[in-house]
Structure formats: structure tokens, C-alpha cells
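The values are calculated or read from the model by the stated rules, or taken from the named source; none is laboratory data. No experiment lies behind these values; they were computed from the predicted model shown. Cβ coordinates were reconstructed from backbone atoms using ideal geometry, including for glycine residues, and neighbour counts include every protein chain displayed.
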Amino acid sequence: MKLTVNGVDEGKPIPEKFAFGVYSEEDHMSFGPNRNPDMRWDEAPAGTKSFVVMMFDPDVPSVADDVNQEGKTVSKDIPRVDFFHWLLVDVPAGISRIPEGEDSDGVIPKGKDYGPGPVGIRGVNNYTQFLAGNPDMAGTYAGYDGPCPPWNDEIIHHYHYEVHALDVDSLGLEGEFDGNDVREAMAGHVLASARVTGTYTLNPDLRQD
């Protein structure tokens, strides 16, 4: 199976229009356009009954004490964990494209709704946990919300855009399901997968302008 993420080249920086946070000289970070990219896939195997689309960052620090703190850095030696940015399940087998901006166009404080979206069923992403302590932003975040790594992180983050062809029409997930729920539900049902990986950083010392 082949996946194309329009505007995201393998191993290259992700354009700011797809980001939740963009670099700001004054405040380190400001809200970005937060548009989901155009994704197209083909060569799905025979027997495909639905697709799962996801995007996640495997480079998120497991300890957040120093995240976005003035005078501190997030050490490259801290163990890293997955942070899910986009979860769509039960995408019908007849669909092979998600247009740019279809699932997200702008940062929405307190998040977008989970459940049926423009394409497939939206799961809950990890901004739900990350922003829980912010009274202006706290809420349940579903669908696509793009990159916004710590501006003081010593490493560049990688973002895996993935599509998985499944042998079932539905994973039977509902409510506030998350990335781990999706991975568990689709285990044993994946016929083929494809991935494109882009990078992103808000650390001015690591940025390639």
C-alpha cells in the first residue's frame, strides 16, 4: 500500500500550516493554522473493508516537569512516549483520500467533538491530557490537532502519518476511545499499512529556516 501526504516529504520538516503551534520570537509559540494535510492512499489489498488513519509523535517526553519552562531544557536523555495527534477509525473501504482541512481547520479551544466526523469516526487525541490544566483550553480533543512539541526540547520530534487497511468494517469503538484502544482493537485485523514521517520543532536552536 502507498500513502502520500501532500506537503509532507519523508524525513523533512512539516509545514507550519499543519501545526497546532508555530514558532514565535516573542512568546516561543503561538497557535498555528492546524489544518490536517491532504492524505491519499492506494494499492489497498483485496479484502480491505475499512481503514484506520492515525498520526502520532513517538518523541514526547515521559516526564513533563521541564516542558516549556523558562531557563530549563527538556533533556534528550528523558525516555520518550507516544502522543497521538489524529485517530480516525471505520473509514469506509471506498474512501482513499482525506482533503486538506477536512478534519481540522484551526485551533479550537476545548477541542472538536469525538464520534462521527467528516470522514470516519474520530478518536480522542492526547491534547486532552496535555491541556487539562489550562482553564482556557481544557476539554476533550478529537480528530486532528497538529504538532506542537516543547519549545525547549533538545530533540527534533518525528510525526508518523499512517493508514492501515483492515479486514473488518468496524472496530466497534465508540465514546472517548484513544490511541491505545485503536491499536488494541485493530490487532490481528491489519492487511497492510503505509507511513510517511515528517519532523517538527519549536526550538529555535534546532529549526531549519
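Is it the case that the range 127-144 has a residue that's out of contact with any Lys or Arg (no Cβ under 8 Å at 6 or more places or on another chain) and among the acidic types (Asp, Glu)? Yes, there is a match, as at least one residue in the range 127-144 is out of contact with any Lys or Arg (no Cβ under 8 Å at 6 or more places or on another chain) and among the acidic types (Asp, Glu).
Within the range 97-114, the residues that satisfy the criterion of being loosely packed, with under 15 Cβ neighbours inside 10 Å and in contact with a Lys or Arg (Cβ under 9 Å, 6 or more places away or on another chain) are Arg97, Asp105, Gly106, Asp113. For the range 35-66, a residue qualifies if it is farther than 24 Å from Lys17 by Cα and among the aromatic types (Phe, Trp, Tyr), and exactly one does: Phe51. When each of Gly71, Gly47 is tested for being farther than 24 Å from Asp103 by Cβ, modelled with pLDDT of 95 or more and more than 14 Å from the chain's Cα centre (by Cα), the lone residue that passes is Gly47. Considering only the range 129-137, I want to know if a residue exists there that is exposed (fewer than 15 other Cβ atoms within 10 Å of the Cβ), over 16 Å from Pro58 (Cα atoms) and touching a residue at least 12 places away in the same chain (Cβ under 8 Å). Yes, the conditions are met somewhere in the range 129-137. The residues of the range 132-164 that are within 15 Å of the chain's Cα centre (by Cα) and hydrophobic (A, V, I, L, M, F, W, C), listed by number, are Ala142, Cys148, Val163.
Contact map, the range 11-22: first residue closer than 16 Å to Gly111 by Cα, second residue surrounded by fewer than 18 Cβ atoms within 10 Å (Cβ to Cβ) and of a type in the set (Ser, Thr, Tyr), Cβ cut-off under 9 Å, separation 6 or more or different chains; pairs are Gly21/Ser30. Of all residues in the range 174-193, those satisfying the criterion of being of a type in the set (A, V, I, L, M, F, W, C) and either crowded, with 19+ Cβ neighbours inside 10 Å or within 28 Å of Gln69 (Cα to Cα) (or both) are Phe177, Val182, Met186. Check off (1) part of a loop (DSSP other than H, G, I, E, B); (2) on the phi > 0 side of the Ramachandran plot for Asp90 and give me the number that stays unchecked. Here Asp90 meets the rest and fails (1). So, Asp57, is that one part of a strand (DSSP E or B), of a type in the set (Asp, Glu) and surrounded by 12 or more Cβ atoms within 10 Å (Cβ to Cβ) or not? It is true that Asp57 is part of a strand (DSSP E or B), of a type in the set (Asp, Glu) and surrounded by 12 or more Cβ atoms within 10 Å (Cβ to Cβ). Check the range 63-76 and report whether any residue there is out of contact with any Asp or Glu (no Cβ under 6 Å at 6 or more places or on another chain), surrounded by 13 or more Cβ atoms within 10 Å (Cβ to Cβ) and within 22 Å of Ser170 (Cβ to Cβ). No: zero hits.
Among the residues making up the range 10-47, a single one is part of a loop (DSSP other than H, G, I, E, B), surrounded by 12 or more Cβ atoms within 10 Å (Cβ to Cβ) and of a type in the set (Asp, Glu): Asp38.
Return the only residue of Ala142, Ala194, Ala187 being within 17 Å of Val5 (Cβ to Cβ) and of a type in the set (Gly, Ala, Ser). I'd like the intermediate steps shown before the answer.
Values: Ala142 fails: within 17 Å of Val5 (Cβ to Cβ); Ala187 fails: within 17 Å of Val5 (Cβ to Cβ).
Selected residue: Ala194, the only one of Ala142, Ala194, Ala187 that is within 17 Å of Val5 (Cβ to Cβ) and of a type in the set (Gly, Ala, Ser).
Which of the residues that make up the range 148-174 are assigned to a loop (DSSP other than H, G, I, E, B) and under 14 Å from Lys49 (Cβ atoms)?
Asp167, Val168, Asp169, Ser170, Leu171, Gly172
Inside the range 103-119, residues that are of a type outside the set (Ser, Thr, Tyr), more than 21 Å from Trp151 (Cα to Cα), touching a strand residue (DSSP E or B) at 6+ places or on another chain (Cβ under 9 Å) and in contact (Cβ under 8 Å) with a residue 24 or more places away in the chain make up a count of 8.
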